[in-house]
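What follows is a single structure, written as structure tokens, with notes after it.
The values are calculated or read from the model by the stated rules, or taken from the named source; none is laboratory data. These numbers were taken from a predicted model, which means no experiment stands behind them. Quick reminder, even Gly has a Cβ in these numbers, built from the backbone with ideal geometry, and neighbours come from all protein chains shown.
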Amino acid sequence: MSAQSTPRTLEALRARHGERYRWLVLLTAMIGTMASIMSSTIVNVAIPDLSHYFHLGQAQAQWVSAGFMVAMTLSMLLTPWLLGRFGLYRTYVGAIMLLMVGGIAGGLASDFWLVLGMRVVEGLAAGVLQPIPAIIILRAFESNEQGRALGIFGMGVVLAPALGPTIGGILVEHYGWRSIFFVVVPFCLGAFALARLYFPQQSQSDRKPLDWKGLVLIAIATLSLLNGLAHVQGASHATGLSLLAIAAVAIVAFIMLQRRTAAPLMQMQLYAHRQFSMGALVSFIYGAGLFGSTYLLPVYMQLALPYGAARAGLTLLPAGIALAIVIPLGGKLADRYSPHYLITGGLAILSASLALLATVGPATPYILLVLWVIVGRIGMGFIFPALSLGSMRGMPADLIAQASSTSNFTRQLGGAIGVSVTGIFLEWRLAAHAGDGRGSTAAFDETFLVLAAVCALAMFASWRMRPQETDTPSAAPAP
């Protein structure tokens, strides 16, 4: 019987590849995650071009990023159910195919709403993919290797948001905004080929029903919250307040439903663990600051500074390389020291970087702008592996998948809200400074300072992630 026709069970794959098998599985998951992250960040440098092409205002244009973020946020909660129902291989390959379809169709679309729809499709796929690597690491690696694995995984993944805007800026200037949608296709094809080789294709016995009521409630809550924030300012503030009230009711109903559902989307017992609950709060605030600033920087460079899309994208490349160098060090340190030290220090560095960006103006040397962005990415290098480990170490093995998806959900929800609020706040400040001498520069400075304050706020929660004496590392068999 040929190797290709041999059943690809977990046991057979482990026997065939030996000790390196868990690294091969992690590499496969990393390729798909890189594709999803790149699809998330690459569009930011195309916002001005899309706005011009479709005649969009700032509030509409930011939905190209926020729509992706909302869809990704919601679908993250589906990952544990999908893994239990369909297994790792089918869940992963299905998400990869959906991501590729969204990229191709988005690049061919001629209507803004179709473009936005394909961004939502890409976001749904990306949300399913995001929690998978952390689940693999926490299940397949020993506790003294988890930080190293997260560092190596992070080193590859962080190159995606660095390369995405750089590649996207060059493509936008030479080929237009459509070209950025096709970038994910080769990554998706590579991820599919690797999954065929290294992911087990065992049938699953978990037939728990999908908590569709919870999914509907959290979707209503998220969409009402983001739309309410968009309408609460200006003439439609009454509509905005109504939507925010609907969001509040939906959140309360969701929590009550999750507490009494046998197979909930989100296990409320996770929040009984202090490290996880504080880590979720840090993830939310950190996500708002991180994604808000990632959205803001390319727009700032093209609207307030004398730079084109390619130069705006190139700014993030040295910072991404610095992050890729620092993050393995952060992973090793997370294996040796309490994660709350690394997270708090990293947040302080990130906050300082955003505050320094508020001092940049048209006369500032380009190299100084790049340096301040690099400083922020160094802070992120210490936060990324420590936040995952600090939130989930000591978690019972049967809750790891739920913990990973919920942690990612809170970070992405913060990111979606951060992108929306950043766009809304920026538009407000642009209007306020319309008659000033500094104009848009002052508006962007104020927005950067708000984001710096948001990241600094997360330090209070991160310090409370100190491990308790009862916390013990846990590991489970690889998925």
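Results, tabulated for the structure shown:
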| item | result |
| --- | --- |
| Leu74 being in contact with a Pro (Cβ under 9 Å, 6 or more places away or on another chain), buried (at least 21 other Cβ atoms within 10 Å of the Cβ) and in the same structural domain as Met155 (by TED's automatic domain parsing) | no |
| Members of the range 267-292 that are in contact (Cβ under 8 Å) with a residue 24 or more places away in the chain and farther than 14 Å from Gln412 by Cα | Gln267, Gln269, Leu270, His273, Arg274, Gln275, Phe276, Met278 |
| Residues (assigned to a loop (DSSP other than H, G, I, E, B) and either at pLDDT 55 or above or surrounded by 15 or more Cβ atoms within 10 Å (Cβ to Cβ) (or both)) located in the range 441-470 | Arg464, Met465, Arg466, Pro467, Gln468 |
| Yes/no for Asp398 being assigned to a helix (DSSP H, G or I), surrounded by fewer than 23 Cβ atoms within 10 Å (Cβ to Cβ) and modelled with pLDDT under 80 | yes |
| Test: Met118 is in contact (Cβ under 8 Å) with a residue 60 or more places away in the chain, among the hydrophobic types (A, V, I, L, M, F, W, C) and closer than 30 Å to Val232 by Cβ | yes |
| Residues satisfying the stated conditions in the range 137-155, i.e. more than 16 Å from Arg336 (Cα to Cα) and surrounded by 23 or more Cβ atoms within 10 Å (Cβ to Cβ) | Ile137, Leu138, Phe153, Gly154 |
| The range 215-261, residues that are in contact (Cβ under 8 Å) with a residue 60 or more places away in the chain and under 23 Å from the mean Cα position of the chain (by Cα) | Leu215, Ile218, Ala219, Thr222, Leu223, Leu225, Leu226, Leu229, Ala230 |
| Unmet criterion (only one of (1) within 17 Å of Gly164 (Cα to Cα); (2) over 19 Å from the mean Cα position of the chain (by Cα)) for Pro339 | (1) |
| Residue check for Val232: surrounded by fewer than 15 Cβ atoms within 10 Å (Cβ to Cβ) and among the β-branched types (Val, Ile, Thr) | no |
| Qualifying position, being under 29 Å from Ala443 (Cα atoms), more than 20 Å from the chain's Cα centre (by Cα), modelled with pLDDT of 85 or more and in a helix (DSSP H, G or I), among Leu347, Leu371, Leu354 | Leu371 |
| Subset tally (residues that are assigned to a helix (DSSP H, G or I), among the aliphatic types (A, V, I, L, M) and closer than 30 Å to Ile47 by Cα) for the range 82-140 | 23 |
| Residue selected from the range 332-361 under the condition small (Gly, Ala, Ser) and under 15 Å from Val450 (Cβ atoms), by the criterion surrounded by the fewest Cβ atoms within 10 Å (Cβ to Cβ) | Ala352 |
| Filter result for the condition that a residue is at pLDDT 80 or above and either in the same structural domain as Leu316 (by TED's automatic domain parsing) or more than 30 Å from Leu244 (Cα to Cα) (or both), over Ala149, Ala219 | Ala149 |
| Residue within the range 185-203 that is outside any loop (DSSP other than H, G, I, E, B), of a type in the set (Val, Ile, Thr), at pLDDT 85 or above and not assigned by TED's automatic domain parsing to the domain that holds Thr410 present | no |
| Residue match in the range 91-110 (condition: surrounded by 22 or more Cβ atoms within 10 Å (Cβ to Cβ) and modelled with pLDDT under 85) | no |
| Test for Gln130: is it within 23 Å of Tyr21 (Cα to Cα), at pLDDT 80 or above and not β-branched (Val, Ile, Thr) | yes |
| Selection status of Leu226, farther than 30 Å from Glu11 by Cα, modelled with pLDDT under 90 and surrounded by 19 or more Cβ atoms within 10 Å (Cβ to Cβ) | yes |
| Lone unmet requirement of (1) charged (D, E, K, R); (2) touching a Pro at 6+ places or on another chain (Cβ under 6 Å); (3) under 25 Å from Ala219 (Cβ atoms) for Arg411 | (2) |
